[in-house]
Amino acid sequence: SLLAKSLMHGLLRAGMSTCGKHFPGHGFVRADSHTDIPVDRRSLKAILADDAKPYEWMGTSPTSGMPAHVICPKVDSLPAGFSPRWLQDILRGQMGFTGAIFSDDLSMEGASVAGNHTQGAVAALNAGCDMVLLCNQSLDGGRAVDELLEGLAAAAHDGRWVPDASCDARRLRLLPMAPPRPWDELMCDPAYQLALERLPV
């Protein structure tokens with residue numbers, strides 16, 4: 001956690017946004033959510049005291065976060081990325097996270113519990129994600145991405161998903177507010193020099 005927070009601070013000083021993933025944790029389960037549906041049967045108390053603890057400790061350091069396609073049945077029947085309880089009640093409400101939330105890749109097997117790509121995107125956005133990802137879908141001219149965009153437009157039109165102004169604000173905060181510092185200037189910065197001195201030889 002300390003190394004991660006230090007890395008994030010360094011990236012932010014260099015003008016780069018950061019993303020903490022995968023909330024609330026992915027290390028306890030053996031199944032790979034790319035090809036399977038991982039299940040973590042521990043209690044909420046155990047997860048918050050262990051895997052999710054860095055998110056509480058790091059607070060607002062990450063400018064964005066990404067939930068896991070892991071089901072924790074003692075907390076919710078849905079993976080964290082589709083769960084208002086995980087994203088709104090715990091991550092934002094209890095832990096005070098204010099950054100943007102990206103979904104994990106909707107084409108992964110762990111996301112299949114939410115339905116097709118459009119159903120998964122709508123579920124993720126309604127749960128509290130600000131952006132949804134559909135990765136590695138450039139085959140057939142990117143038809144899967146086009147279908148998702150069309151599906152989201154239809155969902156917004158039908159009222160199954162209502163775009164939220166606060167999501168727009170969080171997305172905009174990810175954009176650079178100023179040009180990144182030139183490398184030579186950054187290397188001469190006193191804080192950078194101090195950090196170098198503290199690195200083990």
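Binning the C-alpha pair distances of segment 116-156 at 10 Å intervals from 0 yields a P(r) profile of 30, 56, 14, 0 %, listed from the shortest bin outward. In this structure segment 65-111 gives 31 Å² per residue of accessible area when probed at 1.4 Å with all protein chains present. Highest mean first, the peptides 192-200, 105-113, 48-56 sorted by other C-beta atoms within 10 Å per residue fall in the order 105-113, 48-56, 192-200. Charge dipole of segment 46-201 (Cα centre as origin; +1 on each Lys and Arg Cβ, -1 on each Asp and Glu Cβ, all else neutral): 360 debye, rounded to the nearest 20. Only lysine pairs 8 or more places apart or on separate chains count here, and in segment 1-143 those with Cα atoms under 14 Å apart total 5.
At a Förster radius of 35 Å, what calculated FRET efficiency corresponds to the Cβ-Cβ distance of Ser17 and Asp89, to the nearest 0.05? E between Ser17 and Asp89, to the nearest 0.05, is 0.90. Measuring with a 1.4 angstrom probe and ignoring ligands and nucleic acids, Trp57 comes out at about 130 Å² accessible.
Listed peptides 130-139, 16-25, 61-70 appear in the order 61-70, 16-25, 130-139 once ranked by packing, highest mean of other Cβ atoms within 10 Å at the front.
Counting every C-alpha pair in segment 46-177, the share spaced more than 19 angstrom apart comes to 51%. Here the label points at Arg30 and Leu172, each 7 Å from Cα along the C-beta direction, are separated by 4.9 nm in the simple model. Only helical runs count toward this figure. For the chain, summing -39,500 (n - 2.57) over DSSP H runs of n ≥ 4 and dividing by all residues gives -10500 deg cm²/dmol at 222 nm. Here the accessible area of segment 51-172 is 53 percent carbon and sulfur, with a 1.4 angstrom probe and all protein chains present.
The values are calculated or read from the model by the stated rules, or taken from the named source; none is laboratory data. Since we're looking at a predicted model, the values are computed, not measured. Every residue, glycine among them, receives a Cβ derived from its backbone with ideal geometry; neighbour counts consider all protein chains shown. Quick note on the areas: whole protein, heavy atoms, side chains included, nothing else; ligands and nucleic acids left out. Shrake-Rupley method; radii C 1.70, N 1.55, O 1.52, S 1.80 Å.
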